[in-house]
Each structure stands twice: as C-alpha cells, then as structure tokens.
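As structure tokens, the structure follows; a few thoughts come after it.
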Amino acid sequence: MKKHNFNAGPSILPREVIEQTAQAVLDFNGSGLSVLEISHRAKDFQPVVDEAVALFKELLNIPEGYSVLFLGGGASLEFCMIPFNFLEKKAAYLNTGVWAKKAMKEAKGFGEVVEVASSAEATYTYIPKDYTVPADVDYFHITTNNTIYGTELKEDLDVNVPMIADMSSDIFSRPIDVSKYICIYGGGQKNLAPAGVTFVIVKNDALGKVSRYIPTMLNYQTHVDGGSMFNTPPVLPIYTALQTLRWIKAQGGVAEMERRAIEKADMLYAEIDRNKMFVGTAAKEDRSRMNICFVMAPEYKDLEADFLKFATERGMVGIKGHRSVGGFRASCYNAMPKESVQALIDCMQEFEKLH
Ligand SMILES: *Cc1c(COP(=O)(O)O)cnc(C)c1O
C-alpha cells in the first residue's frame, strides 16, 4: 500500500533526494567510497558544502553580507546561541508556542527579555498582532511557523529593530526578505534534510557586538570563519540538504514551493471547513500551510480513534496531533505531493459517508 507521509519531523523528503542519498552512501561520485567514510575536508566534499551555501543564497535571494552555516545541535541549541551572540542588554520575543517559549527561556539567562505578546491563554491557536516592540532591544525573535499548533506568520513583519527567526518548519516554503533579519535558523529535519543538520543564515556585521566571552563552538564567528568546517560538520545530512536544494531549484524555486503550499493547504482546509465531522483548531487568518491541525467536531468526539485507524488503514502516516493539541495534524511540507493531500481528503469524505 502506498504510504502518505504526514510526519511533523523528521518528515517527508522528495523520493529522488532519498535515492540520491542512498546512492552516495554506496558510492560517492563514483569514487568507490561511501560518503560516510570520507573526510569532510576531502576535495570532493568541499564542493558539496559550497554548492549548498550557494543554492541557499540563490533560492532565498540572500543579500551580500550574510553567511550560511551548517551546524549540529538542532534548533534547540540555537535557542541559546542566539542570546549568547546577540543579546547584550535586552531582547524581545513573541510567544507563539512551545518552541518560542523555549527560545525565550534560554535568552533569560543572558539579559532582559520582553515578551511582547503571547497567545498561551488560547493554547496558541492564533498569532498575537497588537503589540509594540521596544525600540531599544538588540533583536526581536519570532517563530514563523508553529509546528505544534499549526499557526504561521506567512509574511515578514515590519518592525524597526533587527529580527531573528526560527524558520525550522517553513523554510523554503515562501520567499523571505532576508534583509529584515540578522539571523534565521532552523533544524533541517522538517523541510530540508534528515535530522542532524541545523541551518543558520547570519548577518556578518551583526556579530561581535556583545561584550561577554562566547565559547568557541557557540560563537557564530567561529563557523563563519571556518566555513562550517571548524569541526566535523554533519556530512551526510548536508549531502542530503544539497539534493533537496537542487530539487527545489529544479521544481521552480521558492515561489513555486509557495504556490504548491497554498494549493495543498487550501485543498485540505476547504475539506476541514466543509466536512461536518472535523473542525480546524487554528484561527483562520493564521492557519499554517505546513502543519494543518484539526480535531473531531464535538458531536463526533468519540470517533477520534476510529478515524485515526480508518486513515492509517488507508496509508496515512503521522496524522496524530501533538499531545498538547490532540486530534490530527497533517504536515504538508515542500516534498508532500498534492496526491497525498487528496488521499487524506478522500479518507475524510469516506469516513463522513459512513456516519
Ligand atoms: C522542530 C522544531 C524545533 C526543534 O528543533 P530541534 O532541531 O529538534 O532542536 C524548534 N523550532 C521549531 C519551530 C520546530 O518546528
């Protein structure tokens, strides 16, 4: 049976990207060696990193003066590296979910943290809009897509301070104005690569402004200077990331990813809104295109486990909602084909007919 992979992360990658990775694990570039058993400093591997950096810059239209880094540690390590490197006195955070809150918690160890707004009181089902960002902060931190709650900031905000964004789960799903940010980061395992690589886009001249000592490995400057090769980077996930970046480019780039994301999300939300058995959990204007969260309508609440079983029997994978939201979550990342979204919609319609 065909599987439709709605996992939230690690998550779906394009089939050809997985095949190319499998091939390189067996024989990297016809070298007779696996990509797993060569030096990261081998002359064949440097071009992999160089091309991945170049494609990042090209696809996201990154202006001059920014570096692209491939590190370890996940987005969660960035939660502490960000304040380590950028927080001198005061930073502002928008609290839109568990990940945002975790980022904020780390920052509190480094300076004054202003929570400009929070939607915690409504289980993060919307993104706060009425708030002011103090003018004297070192940066304003946002989480553009809230993977657990299915809310998303689908446009770059207009604020008068430099922004930093966790884009773990929506990177490459829409064009971004990188010039508004001094740092954009994320775990690779949602829209780019297998787990193990963290991408960081950092504005070079925003570095070196804090007065504290920064441990070598936690200092972005180390990795800017070392071209992500200060120590051994996650070689295999970087190789896969390169294949994904090539795939995005061949498909038509980020604008095409956005067009598809809108198409897929519109299809599924239309069914959620039409089908009497389901309701969406996120405020309509903030609905995520990447993580689509829904629950059973109150009168069908008892059928939640039944629907999960019904859908699983028809090849749906990973649609169980996060434990803090319940219900269902269909993650529709870049690599998710429209056909899989349609298959889920078909399940919802068949299930409705049975009841
Ligand atoms: C998954 C996720 C994280 C955590 O990433 P790790 O790489 O596991 O540390 C952080 N932020 C967002 C928005 C995520 O979706």
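Read-outs: derived from the displayed coordinates by stated rules, not from any lab. A quick note: this is a predicted structure, and the numbers were derived from the prediction, not measured. Reconstructed Cβ throughout: ideal geometry from the backbone, glycine too, with neighbour counts over all protein chains shown.
Brief remarks on what is shown
- The label point for Ile214 and the one for Ala195, both projected 7 Å from the Cα toward the Cβ, are 2.7 nm apart.
- Scanning residues 5 or more positions from Val114 or on other chains, those with amide H under 5 Å from its amide H are Ala91, Ala92, Tyr93, with H placed 1.01 Å from N in the peptide plane.
- Separation of alpha-carbon centers, the stretch 303-355 and the stretch 261-279, rounded to whole Å: 11
- Backbone geometry of the stretch 251-259 corresponds, through the Karplus equation with coefficients 6.51, -1.76 and 1.60 at θ = phi - 60°, to 3J(HN,Hα) couplings of 6, x, x, 5, 4, 5, 4, 5, 4 Hz, x marking Gly and Pro.
- Magnitude of the charge dipole for the chain, about its Cα centre and with charges confined to Cβ atoms of Lys, Arg (+1) and Asp, Glu (-1), is about 460 debye.
- Amide H contacts of Phe278 (H built 1.01 Å from N, under 5 Å, at least 5 apart or other chain): Ala297
- Evaluating 6.51 cos²θ - 1.76 cosθ + 1.60 at θ = phi - 60° for every residue in the stretch 166-174, the Karplus couplings come out as 7, 10, 3, 10, 9, 4, 6, 9, 7 Hz, glycine and proline recorded as x.
- Relative counts (whole %) of C-alpha pair distances in the stretch 253-354, using bins that are 5 Å wide: 2, 13, 25, 27, 19, 9, 3, 1, 0
- For the stretch 121-178, GluC sites (Glu not before Pro) are listed when DSSP marks them as loop and at most 11 other Cβ atoms sit within 10 Å of their Cβ; the list is Glu155.
- Helical content alone sets the calculated 222 nm signal of the chain at -11000 deg cm²/dmol, taking -39,500 (n - 2.57) per DSSP H segment of four or more residues and averaging over every residue.
- Straight-line cross-link partners of Lys89 among the lysines, defined as a Cα under 21 Å from its Cα and at least 8 positions apart when in the same chain: Lys101, Lys102, Lys105, Lys108, Lys180, Lys203, Lys209.
- Residues whose amide H falls under 5 Å from that of Met316, counting only those 5 or more places apart or on a different chain, are His4, with hydrogens built in the peptide plane.
- Whole-Hz ³J(HN,Hα) from phi, Karplus 6.51 cos²θ - 1.76 cosθ + 1.60, for the stretch 84-89, glycine and proline x: 3, 8, 10, 9, 8, 10
- Taken along the Cα-to-beta-carbon direction at a fixed 7 Å, the label points for His355 and Asp27 span 5.3 nm.
- Cα→Cβ-extended label distance, 7 Å offset, between Ala305 and Arg41, nm: 5.8
- At most 12 other Cβ within 10 Å, DSSP loop - GluC sites (Glu not before Pro), the stretch 1-95: Glu64
- Within the stretch 168-235, the trypsin sites (Lys or Arg not before Pro) that combine a DSSP coil assignment with at most 15 other C-beta atoms in a 10 angstrom radius are Lys209, Arg212.
- Packing order of peptides 331-337, 6-12, highest average first: 331-337, 6-12 (average count of other Cβ atoms within 10 Å over each peptide's residues).
- Lysines whose Cα lies under 17 Å from that of Lys320, excluding same-chain neighbours fewer than 8 positions away: Lys3, Lys190, Lys301, Lys309
- Relative contact order of the chain, pairs being alpha-carbon contacts under 8 Å that are 6 or more residues apart, as %: 24
- Listed by chain and number, the aspartates and glutamates whose C-alpha is less than 14 Å from the C-alpha of Lys129, apart from same-chain residues fewer than 8 away, are Glu115, Glu152, Glu155, Asp156, Asp158, Glu285, Asp286.
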